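Peer 1: Once you've had a glance at the structure underneath, I'll fire off some questions.
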Amino acid sequence: MKFKEPLKIVIYYMSFSFLWIFFSDKILFILTEDLSLLHTLENYKGFFFIILTAFFLFKMIKQSYSKIGDLNDQLQKTILESQNNQNLYIEKNLELSKVNNIIDDYMNIFLKMLSPIEYKDELFISEVFRMAFKIAKESDLGSAYILEDDKVKFIDSIGFPIEDLKTMPKDINLYKFSKDGVVSNINNESEISKKITNKNSPLTQIKESLYIGIFKNEKIIGGFNLDISINSSKHYSHETMNKIQEIQHLSNGFYKIKKSSDYKVMLQNDIVQSFITALEFHDHYTKGHSESVASYSIQIGKSLNLDEKQLDDLYWAAIMHDIGKIIVPSQILNKKDKLSDSEYKIIKEHSQVGYEIISQSDTLKEISEYILYHHERWDGMGYPNGLKGDEIPLLSQIICVADSWHAMTSERAYKKQLTKEEATDELLKNRGTQFSPMIVDVFIKIIV
């Protein structure tokens, strides 16, 4: 109550005043029986009242001001924490916006590859190279190249003139590539110096490099380097290397279907698996999770006597259900502590992002809504649209139960693994609230 302290002071003042009126004379008679002295004290009684009330009022007002000061300090602390949280949220939004822009660029590149209009290898590798350079913030320099007659042909560069690259040897065997991942080369100034004829070239001033090869099946068709200058104190972080490796896996996966006449089938095999592999590098928990969810989902689908088309859609939707997490920063996905509200808000966007990614594919767009709604709840308290009961597509209901079961029975950094009995109890406990009652009943019959 905002009048509590002033009212308290008034009550204390009135109480003291009444006590003074009724008992001050008696106190004076107790102190002395000398009438002359008593008369003198009577004259100063009002003065004593003023001094005493001033003293008590001072003490009470001081106490109130002390409380106000404490409250103000607490308020300032809360405001500061709020500002810090707001700044963190703004930073996360900016980071998310940058990631979304990169994802957009990425999808545009790969959609061009799938277009019937010819999209040259040279242009594809150059665009992927420039996108990777933006992601690898440590990079100062970089170069991209294709192979012509088993010889390196440089097509793009950042940080030095393309002419300087012509002094580099053209034998592809002198370069470090692996179809299985990014190759890091540290302190390679002397090695590079041996390869070039122009000793004044800026290429001799490279401290650290990442070699990224673009492969078609087992054969390299080009690639690019990302380099750190010898004058820089930076080094490539594990997170950066993982992100660039995701780029390589996706690029190689998409390249496999570039000139395939049956690219729709290839899309549902190679590209989906490339996405899953990339996501596994990004989110440690995802490894094996998508396949397990798909397996449980198919078992439920068969028990419900779904037809072949529904089972096919269910499998691909379950495999791809978490693909939207590729835009979530890895430090959030792999965080061992409890997520903040802003971090959880970012996590919740993955179903919408997954829908937007998959809906762009002519082959997979039919399953995109099952991905969008796999976190909806039976009681309408889920996300992103708060669908309730049978408003939720049947295949999404199935994936929701399969996803939750594998999450509960798997080892997580921030959450202990439940036993089969404990996880079953959780399904029954949330039957009709989080989960579809029918799907829970069918699944329990499968696992018992």
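The values are calculated or read from the model by the stated rules, or taken from the named source; none is laboratory data. Note that this is a predicted model, so its numbers are computed, not measured. Glycine gets a Cβ as well: all are built from the backbone with ideal geometry, and neighbour counts include every protein chain shown. Accessible surface is based on the protein model in full, side chains and every heavy atom, while ligands, DNA and RNA are left aside. Shrake-Rupley method; radii C 1.70, N 1.55, O 1.52, S 1.80 Å.
Peer 1: At 1.4 Å probe size, put ILE162, ILE135, ILE228 in order of accessible surface, largest to smallest.
Peer 2: On the way: ILE162 65, ILE135 25, ILE228 0 Å².
Greatest to least solvent exposure: ILE162, ILE135, ILE228.
Peer 1: What ranking of THR78, THR424 comes out by heavy-atom accessible area, probe 1.4 Å, highest first?
Peer 2: On the way: THR78 75, THR424 25 Å².
In descending accessible area the options line up as THR78, THR424.
Peer 1: Let me ask something else. Using 0.36 nm per residue of separation minus the Cα-Cα distance, give me the extension gain between LYS429 and ASN305 in nm, one decimal.
Peer 2: Numbers: separation 124, 0.36 × 124 = 44.64 nm, distance 2.60 nm.
Length gained, LYS429 through ASN305: 42.0 nm.
Peer 1: Starting from region 116-157, pick out the GluC sites (Glu not before Pro) whose DSSP state is loop and whose Cβ has at most 10 other Cβ atoms within 10 Å.
Peer 2: Values: sites: GLU118, GLU122, GLU127, GLU138, GLU148; in loops: GLU118, GLU138.
Counting only loop positions with at most 10 other Cβ atoms within 10 Å, the GluC sites (Glu not before Pro) in region 116-157 are GLU118.
Peer 1: Starting from 0.36 nm per residue, how many nanometres of slack lie between ILE50 and ASN87 once their C-alpha separation is accounted for?
Peer 2: 8.0 nm
Peer 1: Would you mind telling me the share, in percent, of accessible area of region 300-448 contributed by carbon and sulfur at probe 1.4 angstrom? Numbers along the way, then the final one.
Peer 2: Working: 3390 of 7120 Å².
Taking all protein chains in place, region 300-448 shows 48 percent carbon and sulfur surface.
Peer 1: Can you pull out the trypsin sites (Lys or Arg not before Pro) in region 371-448 whose DSSP state is coil and whose Cβ has at most 11 other Cβ atoms within 10 Å? Please report the intermediate quantities before stating the final value.
Peer 2: Working: sites: ARG377, LYS388, ARG412, LYS415, LYS416, LYS420, LYS429, ARG431, LYS445; in loops: ARG377, LYS388, LYS416.
Here the sparse-neighbourhood loop sites are LYS416.
Peer 1: A follow-up question, please. Compute the relative contact order of region 313-448 as a whole-number percentage, counting only Cα pairs closer than 8 Å that sit 6 or more residues apart in sequence. Could you put the intermediate results ahead of the total?
Peer 2: Details: 170 pairs, mean separation 27.9, N = 136.
Dividing the mean separation by the residue count of region 313-448 yields 21 percent.
Peer 1: Taking amide H positions as placed in the peptide plane 1.01 Å from N, state which residues far from PHE435 in sequence (5 or more) or on other chains have amide H under 5 Å from it.
Peer 2: It is TRP378, by chain and number.
Peer 1: What does the accessible area of ASP441 come to, in Å² to the nearest 10, when a probe of 1.4 Å is used?
Peer 2: Per-residue accessible area (ASP441): approximately 60 Å².
Peer 1: Whenever you get a sec, line up LYS62, LYS335 from highest to lowest accessible area (probe 1.4 Å, protein heavy atoms). Can you show the working numbers first?
Peer 2: Values: LYS62 125, LYS335 55 Å².
Final ranking, largest accessible area leading: LYS62, LYS335.
Peer 1: Probe 1.4 Å, all protein chains in place: accessible area of TYR370 in Å², nearest 10?
Peer 2: 40 Å²
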